[in-house]
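The structure under discussion appears below in the form of structure tokens.
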Amino acid sequence: QVQLVESGGGLAQLGGSLNLSCTASGFAFRLYGAGWYRQVPGEQRELVATQHQGGNTKYADYVKGRFTITRDNAKSMVFLQMNDLRPEDTAVYYCNAYALQRQYWGQGTQVTVSS
């Protein structure tokens, strides 16, 4: 059974940090790209950061220099270190794994940043 399970969300203060984790199971995670997306109610899900299978990373402009995506293939995990958090970072964050025409999603974890 394919699963992506996020953890690490919660409440942070303006300028604070959170570290999101995502554990994959049921598929060969090391062969997939992995990423993080976020969504606020009434808006489309948007890309935050991705890391391709080969290691190349891509970030949304609004998180560059603040967020860092890493992965541990041995543990089938992907992480998102979020620093200098802002109220506009408040959203549900989703873990994603992709390869060719396959794509998997986690259930999401809420991140709330207070000012």
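The values are calculated or read from the model by the stated rules, or taken from the named source; none is laboratory data. Bear in mind that the values here come from a model prediction, so they are computed numbers and not experimental data. A quick note on method: Cβ atoms are made from the backbone with ideal geometry, for glycine too, and the neighbour counts reach across all protein chains shown. Surface areas here come from the heavy atoms of the whole protein model, side chains and all, with no ligands, DNA or RNA. Shrake-Rupley method; radii C 1.70, N 1.55, O 1.52, S 1.80 Å.
Below, the figures for the structure above:
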{"read-out": "Neighbour-limited loop hits for trypsin sites (Lys or Arg not before Pro), region 21-112 (at most 13 other Cβ within 10 Å; DSSP other than H, G, I, E, B)", "value": "64"}
{"read-out": "Protein-only accessible surface order, largest first, of 36, 105 at 1.4 Å", "value": "105, 36"}
{"read-out": "Per residue accessible area in Å² of the chain, where ligands, DNA and RNA are left out and the probe is 1.4 Å", "value": "54"}
{"read-out": "Size of electric dipole in the chain: Cβ of Lys, Arg +1 and of Asp, Glu -1, about Cα centre, debye, nearest 20", "value": "340"}
{"read-out": "Within the accessible area of region 10-70 (1.4 Å probe), percent carbon and sulfur", "value": "47"}
